[in-house]
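Chemist: This is the structure I have questions about; it appears just below.
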Amino acid sequence: MLVSGGMIPSYLNMSSLGLLNTVWAMLLPSAMSVYNMVVARTFIQNNIPNELLEASQIDGCSDARFFVSVVLPLSKAVISVISLYYAVAHWNSYFNAFLYLHSTSLYPLQIFLREILVQNQFDASMLYEDAEMLAQRQGLQELIKYSMIVVSTLPLLCLYPFVQKFFSKGVMIGSLKG
């Protein structure tokens, strides 16, 4: 789980599961990270006392009810940070789309942005007789490139203020103290 088998075994695995050219091929391979699981477990063990579990069991609370009613509300910081990590990872992932998706209707935004950049790339072999036209073309390419950066980061920048209050506390969960 820490180190994947590589590109070819993962492609063969997705193919044998029948997940090629589906949305699940983008979501399932990176659905669980061992590091994030360890961080969440460490946070829960260090911040939720066992006395809460014992008190809830005395009151007749099941383990599932304890998890939903006590652990989840007290773990908002770690859940929001890990959710943000997963959101950023899924938002920026385009390599899995190259491997697993063949239909353009399923492509993520990052692939479309890459296609636009590739199509508008300046070809040095093309010589323009007019220097002004060359400067305009290069200016347009830079404008497209910077607008792509804004388009690709804007949704995550809009998401961040909602989890920012938990982020400073949650980021320190996996760090060493000493």
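Chemist: Of all the residues that make up the range 77-92, how many are open to solvent by 60 Å² or more (accessible area, probe 1.4 Å) and in contact with a Phe, Trp or Tyr (Cβ under 9 Å, 6 or more places away or on another chain)?
Modeler: 1
Chemist: Quick check: anything in the range 93-112 at pLDDT below 80 and open to solvent by 90 Å² or more (accessible area, probe 1.4 Å)?
Modeler: No, every residue in the range 93-112 fails to be at pLDDT below 80 and open to solvent by 90 Å² or more (accessible area, probe 1.4 Å).
Chemist: Return a yes/no flag: does the range 40-56 have any residue that is part of a helix (DSSP H, G or I), in contact (Cβ under 8 Å) with a residue 12 or more places away in the chain, under 28 Å from Ser147 (Cβ atoms) and open to solvent by 60 Å² or more (accessible area, probe 1.4 Å).
Modeler: No; the residues of the range 40-56 include none that is part of a helix (DSSP H, G or I), in contact (Cβ under 8 Å) with a residue 12 or more places away in the chain, under 28 Å from Ser147 (Cβ atoms) and open to solvent by 60 Å² or more (accessible area, probe 1.4 Å).
Chemist: So is Leu2 over 24 Å from Ala64 (Cα atoms), modelled with pLDDT of 90 or more and either part of a helix (DSSP H, G or I) or not charged (D, E, K, R) (or both) or not?
Modeler: no
Chemist: Step by step: first the residues of the range 8-39, then only those that are at pLDDT 85 or above and either charged (D, E, K, R) or exposed (fewer than 11 other Cβ atoms within 10 Å of the Cβ) (or both), then the one that is farthest from Ser103 (Cα to Cα). Which residue is that?
Modeler: Checking each candidate, the answer is Pro9.
Chemist: Of everything in the range 90-108, what is more than 13 Å from the chain's Cα centre (by Cα) and not polar (S, T, N, Q)? Give them in sequence order. Please lay out each step first, then the result.
Modeler: Initially, the range 90-108 is screened for residues more than 13 Å from the chain's Cα centre (by Cα), giving 97-107.
Passing the criteria: Ala97, Phe98, Leu99, Tyr100, Leu101, His102, Leu106, Tyr107.
Chemist: How many residues are without any contact (Cβ under 8 Å) to a residue 24 or more places away in the chain and touching a Leu at 6+ places or on another chain (Cβ under 8 Å) when one looks only at the range 67-90? Full working, then the answer.
Modeler: Within the range 67-90, the first condition is being without any contact (Cβ under 8 Å) to a residue 24 or more places away in the chain, and the residues that meet it are 67-70, 72-73.
Okay, now just the ones that are also touching a Leu at 6+ places or on another chain (Cβ under 8 Å), so 70.
Going through the range 67-90 one residue at a time, the tally reaches 1.
The values are calculated or read from the model by the stated rules, or taken from the named source; none is laboratory data. The structure presented is a predicted model; accordingly, all values stated were derived computationally and were not measured. Neighbour counts are summed over all protein chains in view; Cβ atoms, including those assigned to glycine, are modelled from backbone coordinates with ideal geometry. Side chains are part of the model used for accessible areas, which takes the heavy atoms of the whole protein and leaves out ligands, DNA and RNA. Shrake-Rupley method; radii C 1.70, N 1.55, O 1.52, S 1.80 Å.
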